[in-house]
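Peer 1: What follows is a structure written as structure tokens; I'll ask about it next.
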Protein chains: 4
Amino acid sequence: MPTTPQRPDPRTRPNPGRRSERSRAAILRATRELVSEVGYPRLSIEAIAARAGVGKQTIYRWWRSKGAVVFDAFLALSEGADGVVLPDTGDIEADLKEVLRATVAEFADPVFEAPIRALNMEVAGDPELAAQYRERLAAPVDEAKKERLRSAQRAGQIRADADLDLALELLYAPLYQRWLLRSAPLTPEYADALVEHVLRALRP
Amino acid sequence: MPTTPQRPDPRTRPNPGRRSERSRAAILRATRELVSEVGYPRLSIEAIAARAGVGKQTIYRWWRSKGAVVFDAFLALSEGADGVVLPDTGDIEADLKEVLRATVAEFADPVFEAPIRALNMEVAGDPELAAQYRERLAAPVDEAKKERLRSAQRAGQIRADADLDLALELLYAPLYQRWLLRSAPLTPEYADALVEHVLRALRP
Amino acid sequence: MPTTPQRPDPRTRPNPGRRSERSRAAILRATRELVSEVGYPRLSIEAIAARAGVGKQTIYRWWRSKGAVVFDAFLALSEGADGVVLPDTGDIEADLKEVLRATVAEFADPVFEAPIRALNMEVAGDPELAAQYRERLAAPVDEAKKERLRSAQRAGQIRADADLDLALELLYAPLYQRWLLRSAPLTPEYADALVEHVLRALRP
Amino acid sequence: MPTTPQRPDPRTRPNPGRRSERSRAAILRATRELVSEVGYPRLSIEAIAARAGVGKQTIYRWWRSKGAVVFDAFLALSEGADGVVLPDTGDIEADLKEVLRATVAEFADPVFEAPIRALNMEVAGDPELAAQYRERLAAPVDEAKKERLRSAQRAGQIRADADLDLALELLYAPLYQRWLLRSAPLTPEYADALVEHVLRALRP
DNA sequence: TGTTAATCGAGACGGTACGTCTAGTCTTGGC
DNA sequence: GCCAAGACTAGACGTACCGTCTCGATTAACA
């Protein structure tokens with residue numbers, strides 16, 4: 001599904017039916033492959049076009065920048081995960097530890113690591129992409145997380161007046177920072193400690 | 001002071017006295033100017049060399065990459081701030097709020113914002129630079145912050161067994177993340193709320 | 001008209017109609033100007049591209065080397081002189097003296113001298129260029145000269161079994177050598193003496 | 001022995017005894033090796049200095065240009081051949097054929113061919129070197145050749161009033177031209193034909 | 001014999017140009 | 001009118017050398 005302004009929505013698409021779905025898929029696929037192979041900074045539009053068997057203009061026609069292509073390429077992967085729901089065993093601490101440990105594992109997996117890092121670097125430098133990132137990737141996941149926290153509020157495990165946005169940041173930002181800047185090792189124990197500290201701040 | 005492997009320490013420097021201090025200073029100065037003028041992604045080694053009145057080889061001789069030059073350029077600025085000491089009024093909450101509000105203000109200042117963002121993007125993508133970053137920029141400041149937290153521990157305002165590294169991350173990572181990804185506005189009130197929440201987790 | 005292997009013939013041209021005639025002409029024109037201004041050894045592809053308002057790649061795309069560009073630049077000048085015919089008054093000695101005196105004059109003219117010398121130095125060092133030189137520049141002129149010698153044979157002024165290739169060399173090589181190595185002054189009298197000696201060797 | 005203006009003569013040498021003969025020999029030796037290995041156009045002063053274990057300045061101090069070094073390097077080889085004498089069996093035709101066949105063989109030997117060609121290209125482009133070339137390399141050999149022709153004059157095999165300089169050019173220039181421009185194959189038969197034609201022009 | 005000044009190896013310096021790569025635009029011809 | 005293909009201008013990349021300029025460290029002549 002389209003992401004960039006040029007093609008923001010399948011229903012609004014300028015020339016419906018004229019765009020080659022074949023080319024679009026080939027471009028995104030080539031982009032994913034190349035990011036894995038050479039890394040984001042060495043990725044070039046030339047190489048994408050060549051790999052995809054596509055004219056460069058076809059890329060420039062539909063995407064604003066290299067970052068936008070990469071964004072779409074990996075957005076396409078996470079799409080379909082729309083109905084994200086976090087586990088809810090009734091024990092918020094156990095559930096959060098599980099989720100954060102999963103995140104730690106994801107960050108450790110080089111297959112995911114490279115493109116996610118690329119995406120984050122690009123997002124850091126491009127406010128427009130950042131907005132896309134929030135709307136299309138972060139927001140749905142964050143909403144699911146907040147829903148789990150609300151459930152904990154109803155269960156009396158978290159203060160009723162807690163700022164859930166801040167709570168999410170307290171939970172995820174330290175992990176994110178360690179990963180992005182490689183400032184310290186990311187371990188399951190770290191995830192646990194993080195959850196324990198944050199819950200201490202959130203309990204009634 | 002030197003940062004890159006090629007010139008790791010003035011005392012260990014390969015050919016002491018042979019390197020032109022004049023050129024080194026001109027390069028770092030030109031780099032700072034150009035980052036401000038055109039931004040990091042549009043910064044080129046060619047332009048730095050031209051602006052500094054220096055041969056390109058002189059840059060390649062002493063720095064590994066564009067990122068390394070930028071790093072040194074801004075490192076040189078923060079140097080001299082070696083003996084960082086945080087305010088200590090005896091009230092850890094008030095002191096932390098002041099410090100975090102100052103950080104928020106710094107991130108809001110476009111003069112600092114652009115190069116720091118550039119540096120962070122570069123550090124995110126280059127493990128070697130990341131190590132330099134931790135050692136030379138982050139470590140001294142973090143140590144000062146931890147010293148203030150230790151003082152609070154002695155005053156009984158923070159638990160004696162608290163993990164201070166984690167405490168620092170809880171305080172700063174959410175702020176860092178909001179700034180880097182522009183995921184939400186950075187306000188003094190946010191800084192206050194952050195401090196309040198984190199202290200709740202750390203109190204005895 | 002094309003010279004280099006990459007574009008050997010307008011009819012065989014790889015992508016007919018794709019190459020920019022405008023750029024090609026600008027490049028050859030700029031080359032001629034620059035050879036005159038700074039001389040061949042100081043001629044650079046960078047400068048040609050800049051003067052022609054052309055990307056460097058456009059030069060590298062269609063020519064193998066600086067020498068090849070220079071070759072084409074001056075080949076383009078002599079083209080059109082395809083139907084060279086030497087004077088034929090019936091007196092072979094007078095006619096040859098006239099032609100060799102003209103060659104002497106040409107070598108003395110600094111406007112022609114510089115590029116021809118550049119071309120000869122390049123041809124001396126590059127067998128491929130040398131082949132082009134023979135085919136496209138030397139051959140037609142040599143053929144015209146041999147035709148005049150054949151006419152003299154028919155008139156009984158030159159032996160019927162004379163080796164005309166050798167005859168040409170005897171006539172022109174001494175002149176060429178004096179010019180190239182500047183081993184002695186080139187004068188009209190020298191041209192006359194040369195003709196007289198060579199004809200003595202060729203007469204029946 | 002010195003060649004360039006900076007060191008024109010051992011007796012006039014500015015600081016007699018100060019110059020390192022060791023360095024001079026190493027430079028010329030390295031130059032010969034490198035010309036053979038990479039060819040003249042790819043020869044660089046940097047490489048010569050590195051190979052010779054010499055500072056670049058030591059080369060620039062004593063030679064005007066790359067061409068001057070190469071010139072000296074190969075001049076040193078032919079020196080000692082001062083007292084060149086051509087064979088004199090009494091039969092000028094046989095003797096000249098032998099000498100020209102030897103020249104043809106020399107031009108065919110790749111060991112000699114490469115540096116001589118390099119030297120000729122350089123001499124063609126540098127009038128000052130050309131003068132050196134004439135004085136130090138060509139003159140002695142030409143004098144020996146003319147001496148043989150004079151002997152033939154005395155023997156009545158060549159006209160007494162023949163211009164011997166022109167005679168030499170008629171003999172050697174065609175051969176030189178064929179070799180330099182690779183305009184036709186150089187064979188012993190060609191040498192013979194050349195001698196026969198030229199002698200026909202010179203006989204009484 | 002010790003002084004002193006030129007030469008030496010070494011290599012950093014400001015530069016120019018190389019030949020390659022990519023950006024982003026434009027043009028052609030096929031579908 | 002989109003598409004693949006690829007030529008175009010533009011300009012940065014990182015490398016190779018240029019010729020000049022310090023640096024000490026020899027080193028040879030003179031004092």
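The values are calculated or read from the model by the stated rules, or taken from the named source; none is laboratory data. Just so you know, these numbers come straight off a predicted model, no measurement behind them. Methodologically, a virtual Cβ is constructed for each residue, glycine included, from the backbone with ideal geometry; neighbour enumeration extends over all protein chains shown.
Peer 1: Within the stretch C:161-190, count every residue that is in contact (Cβ under 8 Å) with a residue 60 or more places away in the chain and farther than 18 Å from D:HIS197 by Cα. Working first, answer last.
Peer 2: First, pick out the residues of the stretch C:161-190 that are in contact (Cβ under 8 Å) with a residue 60 or more places away in the chain: C:171-172, C:175, C:179-180, C:186-188, C:190.
After this cut, where a residue has to be farther than 18 Å from D:HIS197 by Cα as well, the list is C:179-180, C:186-188, C:190.
The total comes to 6.
Peer 1: Sticking with this one: Take the stretch C:98-114 and flag every residue that is exposed (fewer than 15 other Cβ atoms within 10 Å of the Cβ) and among the small types (Gly, Ala, Ser). Quick ask: steps written out before the conclusion?
Peer 2: Keep residues of the stretch C:98-114 that are exposed (fewer than 15 other Cβ atoms within 10 Å of the Cβ), which gives C:102, C:105-106, C:108-113.
Of everything in the stretch C:98-114, those that are exposed (fewer than 15 other Cβ atoms within 10 Å of the Cβ) and among the small types (Gly, Ala, Ser) turn out to be C:ALA102, C:ALA105, C:ALA108.
Peer 1: Please identify the pairs in which a residue from the stretch A:136-160 that is within 15 Å of A:ALA94 (Cα to Cα) and away from chain B (no Cβ under 14 Å) has its Cβ atom under 7 Å from the Cβ atom of a residue that is surrounded by 14 or more Cβ atoms within 10 Å (Cβ to Cβ) and β-branched (Val, Ile, Thr), counting only partners at least 6 apart or on another chain.
Peer 2: Taking only residues 6 or more apart or on different chains, the pairs are A:ALA152/A:ILE92; A:ALA152/A:ILE158; A:GLN157/A:ILE92.
Peer 1: Among the helices (runs of 4 or more DSSP H) lying completely within the stretch C:27-109, list those that include at least 3 residues that are within 14 Å of chain D (Cβ to nearest Cβ) and either away from DNA strand E (no atom under 11 Å from the Cβ) or touching a residue at least 24 places away in the same chain (Cβ under 8 Å) (or both). Spell out the reasoning first.
Peer 2: Working: elements: C:45-52, C:56-62, C:66-78, C:92-108.
Passing ranges, in order: C:66-78, C:92-108.
Peer 1: May I pose another question? Which condition breaks for A:GLU37 when tested against (1) surrounded by fewer than 13 Cβ atoms within 10 Å (Cβ to Cβ); (2) within 16 Å of the chain's Cα centre (by Cα)?
Peer 2: Of everything listed in (1) surrounded by fewer than 13 Cβ atoms within 10 Å (Cβ to Cβ); (2) within 16 Å of the chain's Cα centre (by Cα), A:GLU37 misses just condition (2).
Peer 1: Another question, then. I need the full set of residues from the stretch A:136-171 which are modelled with pLDDT under 95 and of a type in the set (Val, Ile, Thr), in order please.
Peer 2: Correct list: A:VAL141 only.
Peer 1: A further question on this structure: Please specify each residue of the stretch D:16-37 satisfying the condition of being near DNA strand F (Cβ under 8 Å from one of its atoms) and out of contact with any Ser or Thr (no Cβ under 9 Å at 6 or more places or on another chain).
Peer 2: D:PRO16, D:GLY17, D:ARG18
Peer 1: Going by the structure shown, is D:THR12 exposed (fewer than 12 other Cβ atoms within 10 Å of the Cβ), at pLDDT below 85 and more than 8 Å from DNA strand F (Cβ to nearest atom)?
Peer 2: So D:THR12 passes the test.
Peer 1: Another question, then. If you check C:TYR133 against the conditions, is it within 12 Å of chain D (Cβ to nearest Cβ), at pLDDT below 95 and closer than 30 Å to D:ARG134 by Cβ?
Peer 2: Yes: the conditions hold for C:TYR133.
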